[in-house]
Structure formats: C-alpha cells, structure tokens
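Have a look at the structure below before the remarks.
The values are calculated or read from the model by the stated rules, or taken from the named source; none is laboratory data. All figures in this text were calculated on a predicted structure; none of them were measured in a lab. Heads up, the Cβs are rebuilt from the backbone with ideal geometry, glycines too, and the neighbour counts pull from every protein chain shown. Protein only, heavy atoms only, side chains kept; ligands, DNA and RNA dropped before computing areas. Shrake-Rupley method; radii C 1.70, N 1.55, O 1.52, S 1.80 Å.
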Amino acid sequence: MSQQESFIYSFVARGTMILAEYTEFTGNFPAIASQCLQKLPSGNNKFTYSCDHHTFNFLVEDGYAYCVVAKESVGKQVSIAFLERMKADFKKRYGGGKADTAIAKSLNKEFGPVMKEHMQYIIDHAEEIEKLLKVKAQVSEVKSIMLENIDKALDRGEKLDTLADKTEDLRSQAQEFKKVGTKVRRKMWLQNMKIKLESSIPICGEHKSHYCRSPFQPAMMKHGMF
C-alpha cells in the first residue's frame, strides 16, 4: 500500500483553528474536513465520517483535534493508529507551550514534514499494526468472557478453587496474547531502525525528487469530490 493509495490529507487544530496541515494532492477535501471540524461534538472522542469513497477520521483530546482523510480501503483502526501517533508527537513537541499560542497554519513548515513521515510509517507497517490491534481485541474479548464466566460461577456458588482455576486460565491466555503483541512491536521497531539507519548513509551523485500526480485523482474528480 503506497501513500497515494491511502492517506490523502491531515491536520492538527486547536479548537476550530487549523495549526498545521499536510497533503500532496489538490481537491476540496480540506474544505470538507474543515466543515466536519466545525461540527464536531465537544469532549474527548473519536469520530469517522464517510464521503465519496473516503473517510474523514478525527481524534479529539483536550481541546485539540487531529484529522486524517483516507481512502475507504484503509481500515478505520489504521487511520486511528496514525492519529494516535501524530498526537503523541505533536504533544511532545508543542504541548503546554507553542501550540497554545500558535496562529492558523503557523506550524505547517515545522510539523508538515513530520506528518508526512508518520503517514509513511503507518503505511509501511499497516499489516503489523492490524495484527497488533487484533491481538488487543482478542485480549479484551477473552477478559470479558472470563469475567462474565466468573460472575456466573459466583452466582451459582461454585467453590473458590474452581474460580481460581478460571482466573489462572484468563491470566495464561492474556500472557500468550501479550507475547504475540510484544513480538509484533519488536519487529516494527527493528524495521523502523533499519529505515533510519539506511536513510542516514550518505549517497554520492545527484538525486532528484519527482512529485507525481495521484493515479486516482481523475477518478475522484469524476465523482465530484476533487
């Protein structure tokens, strides 16, 4: 999955003021995303809206809104993973200081390239992220089922040693899922370090960057979105 086939546009806003945004495409998606921003419910939450084969994903926390527009083929959880990663980086760089006083789009130059890097990272590790999220969901499901079973057992008046066995089963399954999750995270970390090391090696000769028009842009124009 390439960036041109996944993430289209992203921004960070304080309230309804966009402080930083990034895209490599042209179209009316910034205007649509801005309209959605104006209508977001108050309070910390996550929201997803669909429009013309695209999703507009929002993560709202402590007065700031993080948004990414993605192709419909990109899973919602992958988009949210990107927003969580971007939020953590933004808060680390600007939390409690520059972000509170920054004016509209004044952080584009600084944070725009960072948003691009996070987009590429999530795209490169989409498969691992989906596996990790699946493991977390399985852990939650097992925990829920086992707690429900324990409650039922208590209602039936089962012996304490039987309940202890059920609790141990829950712990064992949770540990197994944790091992799988740790293995996936370690693999992602090693791949990320490899990319960083490779990018730090100087290359002789000329290097020219080429920006290409999105292969699906004409199709989006045909549908009336861009």
Residue list for the stretch 79-98, filter: touching a strand residue (DSSP E or B) at 6+ places or on another chain (Cβ under 8 Å), open to solvent by less than 30 Å² (accessible area, probe 1.4 Å) and over 16 Å from TYR22 (Cβ atoms): ILE80
Could you go through the stretch 74-94 and let me know if any residue there is outside any helix (DSSP H, G or I), in contact (Cβ under 8 Å) with a residue 12 or more places away in the chain and closer than 22 Å to TYR121 by Cβ. yes
Would you please name the residue that is most open to solvent (accessible area, probe 1.4 Å), looking only at residues in the stretch 99-109 that are outside any loop (DSSP other than H, G, I, E, B), over 22 Å from ILE123 (Cβ atoms) and of a type outside the set (Ser, Thr, Tyr)? LYS109
Looking at the stretch 1-57, which of the residues that are of a type in the set (Asp, Glu) and within 20 Å of GLU72 (Cβ to Cβ) is most open to solvent (accessible area, probe 1.4 Å)? GLU5
Restricting to the stretch 64-73, and then to whatever is without any contact (Cβ under 8 Å) to a residue 60 or more places away in the chain and either among the hydrophobic types (A, V, I, L, M, F, W, C) or open to solvent by less than 50 Å² (accessible area, probe 1.4 Å) (or both), can you tell me which residue is farthest from ALA31 (Cα to Cα)? TYR64
Looking only at the stretch 32-54, count every residue that is of a type in the set (Gly, Ala, Ser) and either modelled with pLDDT of 95 or more or touching a helix residue (DSSP H, G or I) at 6+ places or on another chain (Cβ under 7 Å) (or both) and tell me the total. 2
